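Beneath this line is the structure, given in structure tokens, with notes to follow.
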Amino acid sequence: MRFLQQQLFNRYGAKIRAPHALVMTFLFKKGSLLDKLKAIALATYTHSRNLALFVFTYKSLLAVQRWWQSEKAQLHSFLAACVGGWLVFGDNNHINSQINMYLLSRVLFGLSRLAVEKGYFPETKRDPFPLFAALVWGLVLWLFEYHPHTLQPSLQSSMSYLYDDSNIWHDLSDFLLHNKKRTGQ
């Protein structure tokens, strides 16, 4: 239990979530300063708690599997993480969604590198990153322009700010602060 308490108050989750929550809250959320600060604190706490619960679940399940089979196996890690992911990150909320999407991008990169390392795909002579960047940006802007409802709400907000709100300029404050359509004009 002491390990779980240490993990809950671990600074890692706070270092990751607090800056992101701060920026996103002040850019896109409406409400009083107190409401915004509460939202930042809640997002930071939820992120930290979920990471701690996942680590506790994962390590516990690894220990049980190793005790049961008396040896370490690659499948143990996969199964423990699947169960932990289901239990901790399976609730479809904005924090879990962001964490899972963040991990998906890293997993796809890792799997592509592993596929080249194992010889399933040949190593390219040229850096494939420019092609990857072109496809990612082409797809996200196509989705934003023609199917925005399919994108995560925070990504929709960011894209609207960058590509829609930037079409309207009133004065220099639009560039320096927050560009949004003004009501009553």
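Listed by first and then second residue, the pairs with beta-carbon distance under 8 Å, at least 6 apart or on different chains, first residue in the range 70-87 and free of Cβ contacts under 8 Å to residues at least 12 places away in the same chain, second surrounded by 12 or more Cβ atoms within 10 Å (Cβ to Cβ) and of a type outside the set (K, R), are A73/Q65.
Among the residues examined, Y102 qualifies as open to solvent by 80 Å² or more (accessible area, probe 1.4 Å), at pLDDT 85 or above and under 30 Å from A133 (Cα atoms). Taken over the range 40-89, the criterion of being within 30 Å of K30 (Cβ to Cβ) and open to solvent by 80 Å² or more (accessible area, probe 1.4 Å) is satisfied by L42, Y45.
Just name the residue that is farthest from L104 (Cα to Cα) out of those in the range 66-90 that are outside any helix (DSSP H, G or I) and small (G, A, S). It would help to see each step written out before you state the result.
Taking the range 66-90 as the starting set, the residues that turn out to be outside any helix (DSSP H, G or I) are 70-73, 90.
From what is left, the residues that are small (G, A, S) are 70, 73, 90.
Numbers: S70: 32, A73: 23, G90: 14 Å.
Residue satisfying both the conditions and the ranking: S70.
The values are calculated or read from the model by the stated rules, or taken from the named source; none is laboratory data. Since the structure is predicted, the reported quantities are computational estimates derived from the model, not experimental observations. FYI the Cβ positions are ideal-geometry reconstructions off the backbone, even for glycines, and counts take in every protein chain you see. We work out accessible area using only protein heavy atoms, side chains counted, and drop any ligands, DNA or RNA first. Shrake-Rupley method; radii C 1.70, N 1.55, O 1.52, S 1.80 Å.
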